[in-house]
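Asker: I am attaching a structure below and will ask some questions about it afterwards.
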Amino acid sequence: MYLPAAFRQDDLGELHRQIHATPFALLASATAAGVQASHLPLLLEPGEGELGTLYGHFARANPHWRALHDGGEALAVFSGPDAYISPGWYPSKAAHGKVVPTWNYIAVHARGPVQLIEERDSLLRIVSRLSDRHEAGRPQPWAVSDAPDDYLDAMLRAIVGFALPIRRLEGKWKLGQNRSPADQAGIRQGLATSPDPHGQALATQMPITD
């Protein structure tokens, strides 16, 4: 990921919070058949390893997992809010006109070696933790244990799990930090009043400047 110093996010807590907030990731890896990518919900266990460990699973019918080998590197991309930035939001447009459009966004890249998991109890732990994470807070949370055992066994045979211990973690918070405080305030105002919910969400992530 192209990472200018002004946009670099190195705070591990912030990076983990973003992963938790946007758990549906793009998992990509180089294979003999070329680059393959799968869209998967991933679970972060922050206390496992120096940078945390990601867990997820493929459908067994997905050929992507067959092209992976234990220890081979994969990249998980977590995309946060993003939005078009209009030059009309910059006060500097009226001053000199030297402005162009851009796109602001938040993204986290996590790289590490893939460890495939096919053992039943380990798969059960992965799907149980994923379900518990997303069912939390519901009035009547569903649990994996609610499903009949024979049905659950069939579902587990239809997936292949994996662990990805994070070896490299990068974050990019492109929020206009390279602009003047006045232009940053203009971006924030423009995003906050935009009809685009992604823009509104991005506005809440921008730092307040004097």
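Any read-out appearing in this document is the output of simple, stated calculations on the displayed coordinates, not a laboratory observation. The structure displayed is predicted, hence computed values, not measured ones. Note that we place each Cβ from the backbone using ideal geometry, even for glycine, and neighbour counts take in every protein chain shown.
Asker: Out of residues 5 or more away from Arg167 or on other chains, whose amide H comes under 5 Å of its own, with H placed 1.01 Å from N in the peptide plane?
Answerer: Amide H to amide H, under 5 Å and 5 or more residues apart or across chains, Arg167 pairs with Arg111, Gly112.
Asker: Where in region 170-210 does the amide nitrogen come within less than 13 Å of the point 7 Å from the Cα of Thr102, taken along Cα to Cβ?
Answerer: 173-188
Asker: Round to the nearest 0.05 the FRET efficiency obtained for Ala182 and Ala21 when R0 = 30 Å and r is the Cβ-Cβ distance. If you can, show how the numbers build up before the last one.
Answerer: Working: r = 29 Å, r/R0 = 0.98.
For Ala182 and Ala21, the calculated efficiency is 0.55.
Asker: OK, next. At most 15 other Cβ atoms within 10 Å and a DSSP loop assignment: could you name the trypsin sites (Lys or Arg not before Pro) in region 23-131 that fit?
Answerer: Values: sites: Arg60, Arg66, Lys93, Lys98, Arg111, Arg120, Arg125, Arg129; in loops: Arg60, Lys98.
When the trypsin sites (Lys or Arg not before Pro) of region 23-131 are filtered for loop state and at most 15 Cβ neighbours within 10 Å, Arg60, Lys98 remain.
Asker: OK, next. Per residue of region 52-57, what does 6.51 cos²θ - 1.76 cosθ + 1.60 with θ = phi - 60° give for ³J(HN,Hα)? Whole Hz please, x for Gly and Pro, Karplus curve as stated.
Answerer: Each residue of region 52-57 in turn: x, 10, 9, 10, x, 8 Hz.
Asker: Given R₀ = 45 Å, what would the calculated FRET efficiency be for Ser128 paired with Gln189, taking r from the Cβ atoms and rounding to 0.05?
Answerer: On the way: r = 45 Å, r/R0 = 0.99.
Using R0 = 45 Å, I get an efficiency of 0.50.
Asker: If contacts are Cα pairs under 8 angstrom and at least 6 residues apart, what is the relative contact order of region 101-210 in percent? Walk me through the intermediate numbers first.
Answerer: Values: 106 pairs, mean separation 39.6, N = 110.
Normalised by residue count, the contact order of region 101-210 is 36 percent.
Asker: With θ set to phi - 60°, apply the Karplus curve 6.51 cos²θ - 1.76 cosθ + 1.60 along region 106-120 and write out the HN-Hα couplings as whole Hz, x wherever there is a Gly or Pro.
Answerer: 10, 8, 10, 10, 10, 10, x, x, 8, 10, 6, 10, 10, 6, 4
Asker: Per residue of region 144-159, in order, report the coupling 6.51 cos²θ - 1.76 cosθ + 1.60 (Karplus, θ = phi - 60°) as ³J(HN,Hα) in whole Hz, putting x for Gly and Pro.
Answerer: Calculated HN-Hα couplings, in order: 4, 5, 6, 7, x, 4, 5, 5, 4, 4, 5, 5, 5, 5, 8, 10 Hz.
Asker: For the residue pair Met155 and His69, what label-to-label distance in nm results when each label sits 7 Å from Cα along the Cα-to-beta-carbon direction?
Answerer: Output for this residue pair reads 3.4 nm.
Asker: Relative contact order, percent, of the chain when contacts are C-alpha pairs under 8 Å separated by at least 6 residues? If you can, show how the numbers build up before the last one.
Answerer: Details: 373 pairs, mean separation 55.8, N = 210.
Contact order relative to length: 27 percent.
Asker: What's the longest uninterrupted piece of the chain once you rule out the GluC sites (Glu not before Pro) that are loop residues per DSSP with at most 13 other Cβ within 10 Å? Numbers along the way, then the final one.
Answerer: Values: sites that count: Glu50, Glu119.
For GluC sites (Glu not before Pro) (loop position, at most 13 other Cβ atoms within 10 Å), the longest site-free span of the chain is 120-210.
Asker: So what is the relative contact order for region 8-129, in percent, with contacts set as C-alpha pairs under 8 Å and at least six apart? Provide the component values of the computation, followed by the final result.
Answerer: Numbers: 171 pairs, mean separation 29.8, N = 122.
Result for region 8-129 is 24 percent.
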